[in-house]
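The values are calculated or read from the model by the stated rules, or taken from the named source; none is laboratory data. Just so you know, these numbers come straight off a predicted model, no measurement behind them. Note: ideal-geometry Cβ built from the backbone for every residue, glycine included; neighbour counts use all protein chains shown.
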Amino acid sequence: MTRSQWSIIIVLFFSVTLVTAGLYLRTDPKEKNADSTPPSKSQPEEKITLVHKIPPASSTKGFVGSQACQECHAEICTTYQSHPMSFSSQPVLGDLVFEDYEHKTSFRSPATHQYEVEKKDGKVYHHEQRMTPQDKLIYDKAKPIDFAIGSGKRGRSYVINHAGLLFMSPISWYTGKQRWDLSPGYQPGQHKQFERRLIDGCIQCHIGSVSKTEGVKDQFDSMPFKEVAIGCERCHGPGEQHIQWHLASEKQQGPDPIVNPVDLPPAARDAVCYQCHLTGEGRILRYGRGEFDFRPGNLIEDLWIVFQEGDRITATGDTQAVSQVEQMHQSQCYQKSAGQMGCISCHDPHQFPAETDRVQYFEKRCLQCHGQTTNECTRPADSPEQANESCISCHMPKRSAFSVPHTSLTDHRIIRNKSQSPQTSAPTERFTVFRKPEDENAAYDLPRARGFFYVSLAETRNDLHYAQQALQLLLPLLQQDSTDEELITQIGLAYNLLGEKAKAKAILERALKLNPNSEAALLKLTAICHDTGDYKAGIEYAKRFIELNPWRGQIYGRLVHMSGLTNQFDQGIEYANRGLKINPSIWQLHGWLAQVYGQRGETELSQQHQQKLQQFLPQR
């Protein structure tokens, strides 16, 4: 068969793959944490003039784990065990099991996709089963679950550990509804199955401490967590020197090195909470920083530049899942407190009130400022509603969380009337920065962070205007530092979004020279080479990516397609079968294999894949 005939056959089977792969690839969080960009030939050769200093990485030494605190702080350690932070994560079948593993352990979403949770032999497995319209099983993909993420108060999601590469299951538990359903961010029939990568930014907020190779993003040791749940040192800092100070014979030599957030200035005090509870519309690491660098005493802007957009409450009254900080900052209580009000004004980080005590507990917090003897409530004391209401239910009502199904969250704006949603004044700039840094690196980091944020907006909101704005911000920075690999990658991604494939390819190759193991650059270069006909280079980039991360099914589709177009059919067969093991939903691979085996005279194998293909296709 001629090359052109093969091309026609392959295009028929891969036309859908190219579309779905494009949509699949462009929403990956790995791509949002990458970088790059070169000047045109007419521009003078840039000089490497580093105008900013890379801040030193935080020491990973001195952590002793929460167990070391028990001897001297037994009482507070015991009360902390009731706090949701103390079980923010755990092994999937840990001490606290909120899930129902006996009843209604399966659901369909949509009708052709069935999801099932199986508890067997002391392990938990999540299944995705694809069904024909006649309810015949096409495949059953099962994955063993290693960790449960979330306190269980509202729900839990689940982690698959592939030797230090962490992925999220499409199945989550929702405590309020007592049911299993698709995980937040997953759309019925259109999601990443078991391939959604959990990056550093996800893990940082839910895990006490991690074990990973220094300087390598989003990759952990095979035993990834040193302390699974949030522990004492997350808020108080490493404890080794504190213990040594107390054991020393002369304690007068300097102050106790442990951090008590209460003693910190308001901005630093609040940052201890904000490190996890302030994500904004986008949160970008500053140059030279890592997601695990925060130490109590830092300001939030020391590590991250956070972009916010209003109070994150929609016109219909729904709210974004992590939006309490933005809402609190818009409340009159906070604004009139001169910085004295913060998270710990109302929330005790060491203990959590029982549900029966919740209303009284938080009303006491309100009365600390509003007077315990003065009745400031405008509702008459003898009104029918008064007996069933409280400060919280009226002024901090529950709102549906549109980003997390089956959950509700407390409105932290502390509004006067819960039946009215006050309009907040629109900022002069759509996306404002939460507390801009004012150090010597700010002039570089602020436009860099906004450019990165705009690249992500261009992808997630499908608005190429943001990609153009990103280039305007990022290209001048390349003249200041041509070694900033993340900057270079983001410029490459912006060029690609704008359809300037040649520029994107050159820039991303430049980023790859700085970091040969950049998954973001390899992934996008594979797609660009595939789309532009540079199949030889595309195959090599795809193989390099698979060596780093073999768990992304869709890249096998591109690799197999390019292998066929270059007459490397043995290679194509190998990777097609590997791809189907990773992701059996890529039905186009069955079509490709049916054609190849048919041309080789391997009729039985050809028919097997043809039959599989027909199960996926709509019935006439």
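Here are the numbers for this structure:
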read-out	value
Test for K212: is it outside the structural domain of I586 (by TED's automatic domain parsing) and either of a type in the set (A, V, I, L, M, F, W, C) or at pLDDT below 95 (or both)	yes
Residue within region 591-601 that is surrounded by fewer than 18 Cβ atoms within 10 Å (Cβ to Cβ) and in a helix (DSSP H, G or I) present	yes
Matching entry among F292, F307 (being touching a residue at least 60 places away in the same chain (Cβ under 8 Å) and in a loop (DSSP other than H, G, I, E, B))	F292
Given (1) over 19 Å from H126 (Cα atoms); (2) at pLDDT 95 or above, index of the condition L165 fails	(1)
Residue check, D135 assigned to a strand (DSSP E or B), of a type outside the set (G, A, S) and surrounded by fewer than 17 Cβ atoms within 10 Å (Cβ to Cβ)	no
Residues located in region 174-196, provided they are within 14 Å of the chain's Cα centre (by Cα), surrounded by 19 or more Cβ atoms within 10 Å (Cβ to Cβ) and touching a residue at least 60 places away in the same chain (Cβ under 8 Å)	K192, E195
Those residues of region 553-583 which are modelled with pLDDT of 95 or more and not in a helix (DSSP H, G or I), in sequence order	T566, N567, Q568, N583
Residue that is free of Cβ contacts under 8 Å to residues at least 40 places away in the same chain and not β-branched (V, I, T), where the choices are E547, E519, E486	E547
Residue tally, condition buried (at least 16 other Cβ atoms within 10 Å of the Cβ) and either over 23 Å from the mean Cα position of the chain (by Cα) or not aromatic (F, W, Y) (or both), over region 67-96	11
